[in-house]
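Visitor: Quick one: structure below, then a few questions.
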Amino acid sequence: MVRREPRERLVGIDWLEMFVNEDVGRDYSADGFRSRGYCVLERDYGTKTMAEMFTILDNSGHPFIEVRRAPRGLDSGAAKCVYQLGDAYIKLANMYCYDANPVRLMLDFLEREKYYIKKIYRIDLYTDFEIFDSGDRPDKVVRRIVNHTYSKINQSHRRVSGADTWTECFDNWVSWGKQGSMVSTKIYDKTKELRETGMHKPYIVETWRRAGYIDDVVNLTREGHAVQMWRLEFSIKGNAKGWIYIDKNDSEDGGRHSLPHNLTLYSTRQGVVNAIANLIPYYFRFKIYEEGKRKSLCKDKTLFIFDKDEYEDGYRLTNESDIERVRNVEFEDDVIAVNHLVRAKIKLAGSEFENQLTDVITELQQRIDRRSMKIYGKESDVF
């Protein structure tokens, strides 16, 4: 299997938006921020759900933070209003997502302005590349995906954008996921997008130059040759509640742990690599399609190849119901076992096996109690 050229994998955050609640008594209007020394660009309109929308600028006049606040419908007492007083959305401007530590910028701003974090509303993680680790050209792979030569596992809802001209047929991007999906996936020609939009994002091109993909930021070339950069992007929405970690070597806790979905998970480059590497097996997995053959029997088409020391394996992004399931299944397995053993003990009362069963039951009950204290902060009430 082919490995990619020895260049550091290029990963990062392209969108970072938080759902927060404002501190009581503090002025979070545009004028309130101005009174604290910020330069603010107001819009004359809000959104369907938020009455106010404005952008906080940096010292050079570039967008820094975008704010949507003042929920509509609170005064009327509308039953359908899902917001509370003080709810707001805080989005880091795209340019600052390419800062060395965008998560730190966001957290510092929220702390300085005394916001209460409710959840990550949206975070987009990306990896940019010229060729897949497998050696496959992205444009050829996308064409095979569209033609169903490669069939995707999971996320069957697909959208495609491209052109079919007299001289050629090409695909600019393919995306998967429905509106409201916890994760949506997209692969697209980033170079083409930047050229068509007038190169208004030089900070993205600069990341390519620093990573060694290009040496000419104007013509997007390396050693005089045109470079075509592609991007795989995962957009994680607010209904993501955490990551499940399955450790097969951990017998004490049944090998299952859950991590809350918070910004600290993405505060380092390694954290972003870990997330992308664990998203790919579920949200960017393909099989080589063979007509009349079961999906499970078709060969995998591996495109990204992560070294074992490159990331921490075993994580899966999940929603709240799955988190609760993981929290409970470790109890359920042992509780079921304990109940069966108790029944067996009753039947074997007075026999040579009674004491052995008592020891096993005691050990399982202690393990249940340890897990209960660890997860819920209280002892279990099994019996």
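The values are calculated or read from the model by the stated rules, or taken from the named source; none is laboratory data. Since this is a predicted model, take the numbers as computed values, not measurements. Note that each Cβ is placed from the backbone with ideal geometry, even for glycine, and that neighbours are counted across all protein chains shown.
Visitor: Collect the residues in the stretch 157-188 that are touching a strand residue (DSSP E or B) at 6+ places or on another chain (Cβ under 8 Å), polar (S, T, N, Q) and assigned to a loop (DSSP other than H, G, I, E, B), keeping them in residue-number order.
Guide: S181
Visitor: Checking D133 against (1) at pLDDT 95 or above; (2) not small (G, A, S); (3) not assigned by TED's automatic domain parsing to the domain that holds T302: exactly one of these is not met. Which one?
Guide: Failed condition: (3).
Visitor: Can you tell me which of (1) assigned to a strand (DSSP E or B); (2) β-branched (V, I, T); (3) out of contact with any strand residue (DSSP E or B) (no Cβ under 6 Å at 6 or more places or on another chain) is the one V141 doesn't meet?
Guide: Going through the list (1) assigned to a strand (DSSP E or B); (2) β-branched (V, I, T); (3) out of contact with any strand residue (DSSP E or B) (no Cβ under 6 Å at 6 or more places or on another chain), V141 breaks only (1).
Visitor: Looking at the stretch 7-58 only, could you name the residues that are of a type in the set (A, V, I, L, M) and outside any strand (DSSP E or B)?
Guide: Keep residues of the stretch 7-58 that are of a type in the set (A, V, I, L, M), which gives 10-11, 13, 16, 18, 20, 24, 30, 40-41, 50-51, 53, 56-57.
Of everything in the stretch 7-58, those that are of a type in the set (A, V, I, L, M) and outside any strand (DSSP E or B) turn out to be V24, A30.
Visitor: How about the stretch 21-55: which of its residues are hydrophobic (A, V, I, L, M, F, W, C) and in contact with a helix residue (DSSP H, G or I) (Cβ under 6 Å, 6 or more places away or on another chain)? Lay out the reasoning, then the answer.
Guide: From the stretch 21-55, those hydrophobic (A, V, I, L, M, F, W, C) are 24, 30, 33, 39-41, 50-51, 53-54; that's our starting set.
Matches in the stretch 21-55: V40, F54.
Visitor: Could you tell me which numbered condition K287 fails, if it satisfies all but one of (1) touching a helix residue (DSSP H, G or I) at 6+ places or on another chain (Cβ under 7 Å); (2) farther than 30 Å from L105 by Cβ; (3) part of a helix (DSSP H, G or I)?
Guide: Every condition holds for K287 apart from (3).
Visitor: Being assigned by TED's automatic domain parsing to the domain that holds S267 and surrounded by 19 or more Cβ atoms within 10 Å (Cβ to Cβ) is the requirement here; does V160 meet it? Before the answer, list the steps.
Guide: Values: assigned by TED's automatic domain parsing to the domain that holds S267: yes; surrounded by 19 or more Cβ atoms within 10 Å (Cβ to Cβ): no.
Criteria not met by V160.
Visitor: Could you list, ordered by first residue, the pairs with Cβ atoms under 6 Å in which the first is in the stretch 205-225 and under 18 Å from E8 (Cβ atoms) and the second is surrounded by fewer than 13 Cβ atoms within 10 Å (Cβ to Cβ), at least 6 apart or interchain?
Guide: G212/R7
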